[in-house]
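Beneath this line is the structure, given in structure tokens, with notes to follow.
The numbers here are math on the coordinates, done by the rules we state, and not lab data. Keep in mind that what you see is a predicted model, and the values were worked out from it rather than measured. We place every Cβ from the backbone using ideal geometry, glycine too, and count neighbours over all the protein chains shown.
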Amino acid sequence: MRYTLEKKHYGVGLAAPQVGQPLAIAVIGLKPTPTRPDIKEVSITLINPEIVVHSDKRIPLWEGCISGPDMYGKAMRYPKVRVQWLDEKARHHEQDFGGLLAQVIQHEIDHLNGILFVDRVADPKTYVTFSEYKKIRKAEKKNKT
């Protein structure tokens, strides 16, 4: 799974069902990309992950999926989550996550539960292709400066 994730240029997470395995395992591999050059590298393997606490409201966040078509949309996600899981050595962890990492973890846990990011998109008008997404993100960054 890690090998598959590393070969996808923009992929940041992969769940076992995406590679045909009926297991509750997800790998997270955040790394800098052209659309996220300042991101901190993070590598986590989550076995039997469960969100045990989350913030009150979900917010719309840009999201795509490496196992789907060239499509992005604003999926509704909690900005903060507390997750418990086992690692590759069966050690128990419980940790709070925020930002992009919280979003990716929710996306991968959804895959483990048979939910796709399109199921979390509240406004279908937000669907765009990858090239449109890059333009939007570039404009958003320009407006922040």
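Can you figure out the FRET efficiency of Gln21 with Asn113, using R₀ = 22 Å and their beta-carbon distance, to the nearest 0.05?
My answer for the efficiency is 0.90.
Would you mind ranking Trp85, Trp62 by Cβ crowding within 10 Å, fewest neighbours first?
Starting with the residue having the fewest Cβ neighbours, the order is Trp62, Trp85.
Would you mind calculating the gained length between Asp38 and Ser55 on full extension (0.36 nm times residue separation, minus the Cα-Cα distance), in nm to one decimal?
Taking 0.36 nm per residue and subtracting the Cα distance, the gain is 3.6 nm.
Cut-off under 18 Å on the C-alpha distance; same-chain residues fewer than 8 positions from Lys57 excluded. Which lysines are left, in chain and number order?
Lys74, Lys80
Is there a quick way to get the dipole size of region 2-144? I mean about its Cα centre, with the Cβ of Lys and Arg at +1 and of Asp and Glu at -1; what is the value in debye to the nearest 20?
About 680 debye.
If the viscosity is 1.002 mPa s and the temperature 20 °C, what translational diffusion coefficient in µm²/s does Stokes-Einstein give for region 99-145 when Rh comes from Kirkwood over Cα pairs?
The Stokes-Einstein estimate is 171 µm²/s.
Once you keep just the Cα pairs under 8 angstrom separated by 6 or more residues, what percentage relative contact order results for the chain?
Across the chain, relative contact order equals 21 percent.
Could you tell me what % of all Cα pairs in the chain have separations over 24 Å?
Counting every Cα pair in the chain, those more than 24 Å apart make up 29 percent.
Rounded to the nearest 500, what is the 222 nm mean residue ellipticity of the chain from helices alone, with -39500 (n - 2.57) per DSSP H run of 4+ residues and division by all residues?
-7500 deg cm²/dmol
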